[in-house]
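Right, one structure below, let's go through it.
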Protein chains: 2
Amino acid sequence: MTTTHATGSPGGGAEGAAGLLSRTRTTVNPRLRATVESLPGQIRRIARYHFGWEHADGTPTEANAGKAIRPALVLAATQAFGGDPKEAVRAAAAVELAHNFTLLHDDVIDEDPTRRNRPTAWTVFGIPDAIIAGDALCALSLRLLAEDPHPASARAAARLADCVIELCAGQQADCAFENRAPQDVTIDECLTMAEAKTGALLGCACALGALYAGAGDEEVEAMDAFGREAGLAFQLIDDLIGIWGDPAHTGKPAGADLAAHKKSLPVVAAMASGSPAAGELAELYRAPAMDASAVRRAADAVERAGGRDWAQTQAADRMARAVHHLSRAVPDLASADELLALAEFVTRRTR
Amino acid sequence: MTTTHATGSPGGGAEGAAGLLSRTRTTVNPRLRATVESLPGQIRRIARYHFGWEHADGTPTEANAGKAIRPALVLAATQAFGGDPKEAVRAAAAVELAHNFTLLHDDVIDEDPTRRNRPTAWTVFGIPDAIIAGDALCALSLRLLAEDPHPASARAAARLADCVIELCAGQQADCAFENRAPQDVTIDECLTMAEAKTGALLGCACALGALYAGAGDEEVEAMDAFGREAGLAFQLIDDLIGIWGDPAHTGKPAGADLAAHKKSLPVVAAMASGSPAAGELAELYRAPAMDASAVRRAADAVERAGGRDWAQTQAADRMARAVHHLSRAVPDLASADELLALAEFVTRRTR
C-alpha cells in the first residue's frame, strides 16, 4: 500500500497535489483575506496588492497569488496525524502570512522588480511602505496564532517565531554571499543558507500541522526534518529554474539569477568543480554586468561544469531523505499520501 | 495619600523615576541580553551594536542603550496591581525588543544617520542587514512571550502583535505626511499618527504589566489608555526637543526635525495657526534644504506661531488625561506611585 508513493506515480501524484493545492486555497483563503482585512488603511492596500487580490489602484483582480504549498503542508500534516485540517486553518494562514512577509522584504533587499509576473510591491508603493507592510504581515502571522484558542497554538507561535529568525539568518547569509568572491562560498555554506532560507519554513509548516494534530515531540521533529529536506529539494529545483526556467512560467527574465550574479546552488557547485568551465563561469561573474549572450554562455558553463547535474542529483537525494524522515514520523505512508504528493509536486516543477 | 502625586512633587518624582529606570535595567537587561544572544551570528552582532553593548568591530562597550522606559512601565504596572514584577520580566524584555525593532527600521526608512550619539546600524552594517536584524528582533519579541509559561502570555503576545501593527500604521502615516504639503496635514491626523507611533507601545507596556498581574479587562484597557496618553505627552515633549533640544543630550544636531522638514506636532500646529509666522514657516519648508540660519528662523517661526506653547499645553493636558485613566484603573493612587513617577519623568525631560 505504500509502494504507489514510495516508487512514485508521476502523473497521479502531481494531479493529486494540484487538486490539494486548489482545495487548500479554497479552505485557507477566506481566513487569510479576513486576517489581512484587519490591517490598517494603506498597509492593507499594499498587502492586498502583494497577494494579487488587487491592482495597484485598488480595483479587484485575480492575479497569481502563489501556489499555497506551505498552507497545504500544514493541513496535510494535520491530516496525516489523524487531526482535523479545519482546526489548523489559522496555522496554515499564519505560515502563508509569514512567507509573504519574507517575500516583501526579500524583494526590497534584493531589488527584485517583479514577482509572479507583476511589479513587486516596493516598485509600486516605495521602499518604506514595502518594509512597513512586511513588518505588519510578520506581526499579523504571529498574532493569528497567539489569538488561536487551540491548545497547540502557543507552541506553534514559538516555533513560527523561531523559524522567522532562521529565515532572517538565511536571507542575511544570502546577502553576505553576494559580496564575496564566488570561489569563496562553499557548497556547504550555500546548502546551510538554503536550508535556513527555504527549508526552515516548509519544515515549520509540517511541524505546525503535526502539533495541531497532537503529535508527539519526536513526530513533530521528524516532520520538521521532512519539510526541511523537501524544502532543500524545492530550492535546488528553484535554482535550476532561475537559470533554465521558462520566463512565461517564472515571471522573471531567462537566466535572471545569472544576470544578478546570484551564487545559487548550481553556480556554486559549478565554481567548485575546478574544471575549465568553472574558470569561464568565474570570469563571466567578475564582469559587472552580463548581457543576454553572456547569460547564455554562463548557463552553458554551469552545465558543462556539472552544476546542473549536481543540483538535480542533490534534489533527488534530498527527496529520498525527506521520505525517510516522513516514514519515521508516519510509519503508515498511506496516511502521508498528501504530504508525499506535495513533496513530489515541488520537485517536478521543471518537467 | 494620593495628593503627593496628584499635585506633583517635581524633584522627588523625577529622582524616583531615575532610580526606577536604573533598577529596571538591572532587572531586565540580563534577560534581554540572554534573549539577544540566542540570535544567529551576524544578526546577533548587529543587535548587540544597536543596543550599545558592542562597538561595530565587536569589542564590548557601555554606550547609552536607552532609558528602558517601556520595560519600567511593564514592571511598575504589574506592581500597581499587586503582581510580582519578577514574573513580568519576559514581558518587559519583549516590549523593549519590539521597541528596538521599530527603531532599527525607522532609522532605515527615515535615513537617520545617528541615534543615541552613535551611527545608526544601517550606516554601519548596510540597509539589508539593518532590515533583517529588525525583522529578527520583531520575531524574537513575540517568541519570548509565546515561550513564556505565564498564564497571561498568550493574551500578552496577541496584544503586543496588535501593537506592532499599530506602530507600523503610525510609521506609515508619518512617511505619508512627509510627502504632503505641510498645510495639508491636520493636527488631528498628526495626533492620531503620534498615538499610533508612540502612544500605542507605552499603552501596550502598561496593559501587559496589568495582564501579568491578573488584572481584569477594564483595568487592562484603562492602563492601555493611561500609557497612550502619557505616550502622547512624551511625543509632544520629544517633538519640542527635536526643535529646541540640546544636541549634547539628544545625540542629534540642533533643529534636526526642522532640517529634515519633519511635520512634527509643534510644526503642524504652527502651520495651522494662520498667523504671519505660519506663512514664514511654510515658505522655509518649501525650500528643498535648510542651512543652520534657516533652521533657527524656522524654530523662531514655530514659536511665534504658537506651536511651542500649543505643544506644551497639549502635553500637560495629555498628562492630566493619563492620570485620570490611571485613577480609574488603580483607585488607590499610592499603589500607582511608580507609574506616576515614570509619567512625570517623561514629561519633564526638557527642564
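The values are calculated or read from the model by the stated rules, or taken from the named source; none is laboratory data. Values in this document were obtained by computation on a predicted structure and should not be read as measured data. For neighbour counting, all protein chains shown are included, and Cβ atoms are generated from backbone atoms with ideal geometry for every residue, glycine included.
Data for the structure
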{"read-out": "So A:ALA154, is it within 14 Å of chain B (Cβ to nearest Cβ) and surrounded by fewer than 24 Cβ atoms within 10 Å (Cβ to Cβ)", "value": "yes"}
{"read-out": "Pairs where the first residue, in region A:25-51, is in contact (Cβ under 8 Å) with a residue 40 or more places away in the chain and more than 10 Å from every other protein chain (Cβ to nearest Cβ) and the second is of a type in the set (Ser, Thr, Tyr) and part of a helix (DSSP H, G or I), C-beta under 9 Å, 6+ apart", "value": "A:THR35/A:SER141"}
{"read-out": "Options A:GLY231, A:GLY245, A:GLY199; residue that is in contact with a helix residue (DSSP H, G or I) (Cβ under 9 Å, 6 or more places away or on another chain), farther than 25 Å from A:VAL74 by Cα and of a type in the set (Gly, Ala, Ser)", "value": "A:GLY245"}
{"read-out": "Complete set of residues in region A:230-270 that are of a type in the set (Asp, Glu), under 18 Å from the mean Cα position of the chain (by Cα) and more than 17 Å from A:ARG304 (Cα to Cα)", "value": "A:ASP238, A:ASP257"}
{"read-out": "Residue selected from region B:161-175 under the condition more than 7 Å from chain A (Cβ to nearest Cβ) and aliphatic (A, V, I, L, M), by the criterion surrounded by the most Cβ atoms within 10 Å (Cβ to Cβ)", "value": "B:LEU167"}
{"read-out": "Residue match in region B:260-267 (condition: in contact with a Lys or Arg (Cβ under 6 Å, 6 or more places away or on another chain) and at positive phi)", "value": "no"}
{"read-out": "Number of positions in region A:15-53 that are of a type outside the set (A, V, I, L, M), assigned to a helix (DSSP H, G or I) and under 24 Å from A:PRO119 (Cα atoms)", "value": "12"}
{"read-out": "Sole exception among (1) more than 9 Å from chain A (Cβ to nearest Cβ); (2) at pLDDT 95 or above for B:ARG118, by number", "value": "(2)"}
{"read-out": "Qualifying residues in region B:137-146 (those that are facing chain A (nearest Cβ under 7 Å) and touching a residue at least 24 places away in the same chain (Cβ under 8 Å)) - the one nearest to B:ALA34 (Cα to Cα)", "value": "B:LEU140"}
{"read-out": "Exclusive hit being modelled with pLDDT of 95 or more, over 19 Å from A:HIS50 (Cα atoms) and out of contact with any strand residue (DSSP E or B) (no Cβ under 8 Å at 6 or more places or on another chain), set A:ILE131, A:ILE165", "value": "A:ILE165"}
{"read-out": "Only one of B:ILE127, B:ILE187, B:ILE131 that is among the aliphatic types (A, V, I, L, M) and within 7 Å of chain A (Cβ to nearest Cβ)", "value": "B:ILE131"}
{"read-out": "Where B:GLU87 falls short, out of the listed (1) buried (at least 24 other Cβ atoms within 10 Å of the Cβ); (2) away from every other protein chain (no Cβ under 11 Å); (3) over 17 Å from the mean Cα position of the chain (by Cα)", "value": "(1)"}
